[in-house]
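The values are calculated or read from the model by the stated rules, or taken from the named source; none is laboratory data. A quick note: this is a predicted structure, and the numbers were derived from the prediction, not measured. Every residue, glycine among them, receives a Cβ derived from its backbone with ideal geometry; neighbour counts consider all protein chains shown.
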Amino acid sequence: MTDEAIENDQSREPTGQERARTVRDAFGVGCAVGLSGFAFGVTAVANGLSVPQTCALSLLVFTGASQFALVGALAGGGNPFTAAAGAFFLGVRNCFYGLRLSTLLRLPGRVRPLAAHWVIDETAVVALAQPGRRLARLGFAVTGLTLYLGWNLTTLLGALGAGSLGDPGAWGLDAAGPAVFLALLAPMLRTGTERATAALAVVLALGCLPLLPSGVPVLVAALAAPLVLAVPAGRPAAGEAAR
Amino acid sequence: MTVWTAIGVTAAGCYLVKLLGLSVPAAALERPVVRRLAALLPVALLAALTALQTVDDGGTPVLDARAAGVGAAVAALVLRAPFLVVVAVAVAVTAGGRAVGG
């Protein structure tokens, strides 16, 4: 009884049903995104990277948008540091996921360097959607593991199969990336503030696309977040009043 | 060698920012502005990435079968389709569009 009481006091023990639902969601996200690793493998090799280089990116960088950005920039004949800078700036958002996850997961110090490698869009979204720390940890771990294995395995398969597949565009694989981002974004658009931020970010990104080098428009679009926050409280207040 | 340099720099940089976020003391999040910004930044970045990867063709925006595929993904999301279905619909519609329209 005491053990149970202590457990419940710290953080309610999730039921088997809740755990199963978390594992199912996490596994589904992990599999879906893992599959787009195939698109990455094909794209990277089609853009002139070797199979070991392609696999090294998925194993060591493990953040899809940065990997796609790096491959695109290298294919464009970019300097390695400029190419890496674009990819790095795309990866900076993981820092903010980490900020939110650190308070949610409260990981012990020795686990942190390992867990850090898995701090990406999908693991953050799944973990943040869970009610309570235990389910968040479970969701983070299952998504991270499924995704890491799936992403690297499908990257290898895509890289090896690139030659026989021909044009990846013919298979529609270039739509996998944006569809993944969209599916991650959709549950975040809860209030007017989020929707305004998303809309402004799209306008900024597309407006800058023809003007700035690859990788920079997305950084400009990130300014949508502070800009929307800086707008005087009139907007949320109006929303409150309408309710 | 150039490619390996870019891979090494990207891998190191991306790992360090992940670790930094996870290691910053919780007190940094106590300020409401930081908390709201941390919540809104992914929204801005994901929206921008979705838009860019839907229409970007080497620096110029184009609307092609890929945009139709992402449009179909929006419809799937509105219908509350699961994650895997949303991505599969986008890929299938894009491939179908290219097969028909070239």
Contact list please: Cβ distance under 8 Å, first residue in region A:119-140 and in a loop (DSSP other than H, G, I, E, B), second residue aromatic (F, W, Y), pairs at least six apart or on different chains. A:V119/A:Y97; A:I120/A:F62; A:I120/A:Y97
Going through region B:40-65 in order, the residues found to be crowded, with 19+ Cβ neighbours inside 10 Å and out of contact with any helix residue (DSSP H, G or I) (no Cβ under 7 Å at 6 or more places or on another chain) are B:D56
Would you please name the residue that is nearest to the chain's Cα centre (by Cα), looking only at residues in region A:74-113 that are at pLDDT below 85 and not in a helix (DSSP H, G or I)? A:V92
Which of the numbered conditions does A:L182 fail, given that it passes all the others? Conditions: (1) more than 9 Å from chain B (Cβ to nearest Cβ); (2) without any contact (Cβ under 8 Å) to a residue 24 or more places away in the chain; (3) assigned to a helix (DSSP H, G or I). (1)
Test each condition in (1) of a type outside the set (A, V, I, L, M); (2) within 10 Å of chain B (Cβ to nearest Cβ); (3) more than 22 Å from A:N94 (Cα to Cα) for A:G72 and report the one that comes out false. (3)
Take residues that are under 21 Å from A:S102 (Cβ atoms), at the interface with chain A (Cβ under 7 Å from one of its Cβ atoms) and modelled with pLDDT of 90 or more and tell me which of the helices (runs of 4 or more DSSP H) falling wholly in chain B contain 3 or more. B:2-23
